[in-house]
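S.K.: Supplied in structure tokens, the structure appears directly below.
The values are calculated or read from the model by the stated rules, or taken from the named source; none is laboratory data. Please read all numbers here as calculations on a predicted model, not as lab measurements. Here the Cβ positions follow ideal geometry from the backbone for every residue, glycine too, while neighbour counts run over all protein chains shown. These accessible areas exclude ligands, DNA and RNA; they are computed on the full protein's heavy atoms, side chains included. Shrake-Rupley method; radii C 1.70, N 1.55, O 1.52, S 1.80 Å.
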Amino acid sequence: MVPPHPGVPSLNGHTDTVPDIVGRLGRPIDLAIFTEGNHFPALLGGEIIEPFRAWAWAQREYAALALENITVVTLPQPMIVGILVGGGISLGNLTLEVSRASEFYPDIVMGGAAPLAQLHKGSIVGATARVFARNRGFSLVVAAGNPLAVRTLEDLARPGMRVVLASASEPGARQQYISALEALIGEEAARSILAREVVTFPGRLGIQHRDVLQAIASRSADAGIIFHHLARYFAAAYPQLCTMVTVPGADQFASQIAMVSSAEPLRAQAAKAFSEFFFGVAREVYPRYGFATISEAEFGAPVKLD
């Protein structure tokens, strides 16, 4: 959570928290980043945003930049696309306009190649993205202490084992998990596991980096299938709720994350500065948060979005 400003009333209860939008709206935004949310532990973990400000102000070219209000949106890729194409997002009774006129609009967008290509087709982002990270496939999340002794994927095929994974509202991640399951244990065993998938439960939002942990914490599911770096983060952040079980061979079924500037960004100089800093540190930072160590050739490689 971002600390509240002194003297400002703060509604920080379970029903009032908005964890997927960081920053201050209603005052000038100095840099806006819209990103798929699965790498939020790395992006918002203290090794990117805060050091970027200090680095930029130490550079002659960027010393005069105002960077106090960096706004970050960390939602699933289909939601990011929907927000930018539709021009807004509703949070209960509140609707936020997402447009150049409102200035709540990205200077930088991060995500997979397919969603970024959709945004390029809509003239929202540029034509070439750059790879900065690759995940390590999926791991499992189970209740703290692993009371059902889940050790392998085959254990998920036991009668009565309830499994949760990304919903149909996140088709890219969901299909990645299903394809990996089929390759690792066979189509028949994968179908058996998915036949006991928990599809609905109280509090489900269609955001896997919140839903899977919610299902395990509330005992709505016995095991969650989710990206390794998120399983690792959950197990470290909430040891009283969950434990991670790694899956040998799952790292073969990984995907890349890339970054692209918006078309004619509103804060072009800040976007340029962030890109320069980010590609100077991300290759070392991201593996510390459970991502793969990638080669110099892969890191920064261009991804054509045409």
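S.K.: Here are the criteria: (1) open to solvent by 60 Å² or more (accessible area, probe 1.4 Å); (2) in contact (Cβ under 8 Å) with a residue 60 or more places away in the chain; (3) more than 22 Å from Gln118 (Cβ to Cβ). Tell me which single one Trp57 does not satisfy.
M.R.: The single condition Trp57 does not satisfy is (2).
S.K.: Only one residue in Gly126, Gly137, Gly145 is in contact with a strand residue (DSSP E or B) (Cβ under 7 Å, 6 or more places away or on another chain), on the phi > 0 side of the Ramachandran plot and either of a type in the set (A, V, I, L, M) or modelled with pLDDT of 95 or more (or both), so which one is that? Can you show your working first?
M.R.: Values: Gly126 fails: on the phi > 0 side of the Ramachandran plot; Gly137 fails: in contact with a strand residue (DSSP E or B) (Cβ under 7 Å, 6 or more places away or on another chain).
None of the other options fit; the residue is Gly145.
S.K.: Would you check if Val212 is over 28 Å from Tyr286 (Cβ atoms) and either part of a loop (DSSP other than H, G, I, E, B) or in contact (Cβ under 8 Å) with a residue 40 or more places away in the chain (or both)? Walk me through it before giving the result.
M.R.: Numbers: over 28 Å from Tyr286 (Cβ atoms): no; either part of a loop (DSSP other than H, G, I, E, B) or in contact (Cβ under 8 Å) with a residue 40 or more places away in the chain (or both): yes.
No; evaluated as a whole, the condition is false for this residue.
S.K.: To continue, here is another question. Checking Pro171 against (1) modelled with pLDDT of 95 or more; (2) surrounded by fewer than 20 Cβ atoms within 10 Å (Cβ to Cβ): exactly one of these is not met. Which one?
M.R.: For Pro171, the failing item is (1).
S.K.: Determine which single condition Ala221 fails, assuming it passes every other condition in (1) more than 25 Å from Ser255 (Cα to Cα); (2) surrounded by fewer than 20 Cβ atoms within 10 Å (Cβ to Cβ); (3) within 23 Å of the chain's Cα centre (by Cα).
M.R.: (2)
S.K.: When Ala236 is evaluated against the numbered criteria (1) more than 20 Å from the chain's Cα centre (by Cα); (2) closer than 23 Å to Arg288 by Cβ; (3) among the hydrophobic types (A, V, I, L, M, F, W, C), which criterion, by number, is the only one it fails?
M.R.: Failing condition for Ala236: (1).
S.K.: Considering each residue of the stretch 154-178, count those that are out of contact with any helix residue (DSSP H, G or I) (no Cβ under 9 Å at 6 or more places or on another chain) and outside any loop (DSSP other than H, G, I, E, B), and give that number.
M.R.: Of all residues in the stretch 154-178, those out of contact with any helix residue (DSSP H, G or I) (no Cβ under 9 Å at 6 or more places or on another chain) come to 155, 158-160, 175-177.
Retained after the next criterion (residues that are outside any loop (DSSP other than H, G, I, E, B)): 155, 175-177.
The qualifying residues number 4.
S.K.: Quick check on Arg136: is it under 22 Å from the mean Cα position of the chain (by Cα), part of a helix (DSSP H, G or I) and basic (Lys, Arg)? Give the derivation first.
M.R.: Details: under 22 Å from the mean Cα position of the chain (by Cα): yes; part of a helix (DSSP H, G or I): no; basic (Lys, Arg): yes.
No: the conditions fail for Arg136.
S.K.: Looking only at the stretch 185-209, which residues are open to solvent by 30 Å² or more (accessible area, probe 1.4 Å) and not in a helix (DSSP H, G or I)?
M.R.: Correct list: Ala195, Arg196, Glu197, Val199, Thr200, Pro202, Gly203, Arg204, Leu205.
S.K.: I'd like to verify a number: residues in the stretch 6-64 that are among the aliphatic types (A, V, I, L, M) and touching a His at 6+ places or on another chain (Cβ under 9 Å), how many? Spell out the reasoning first.
M.R.: Residues of the stretch 6-64 that are among the aliphatic types (A, V, I, L, M), as a first pass: 8, 11, 18, 21-22, 25, 29, 31-33, 42-44, 48-49, 54, 56, 58, 63-64.
Restricting the remaining residues to those that are touching a His at 6+ places or on another chain (Cβ under 9 Å) gives 42.
Of the residues in the stretch 6-64, 1 are among the aliphatic types (A, V, I, L, M) and touching a His at 6+ places or on another chain (Cβ under 9 Å).
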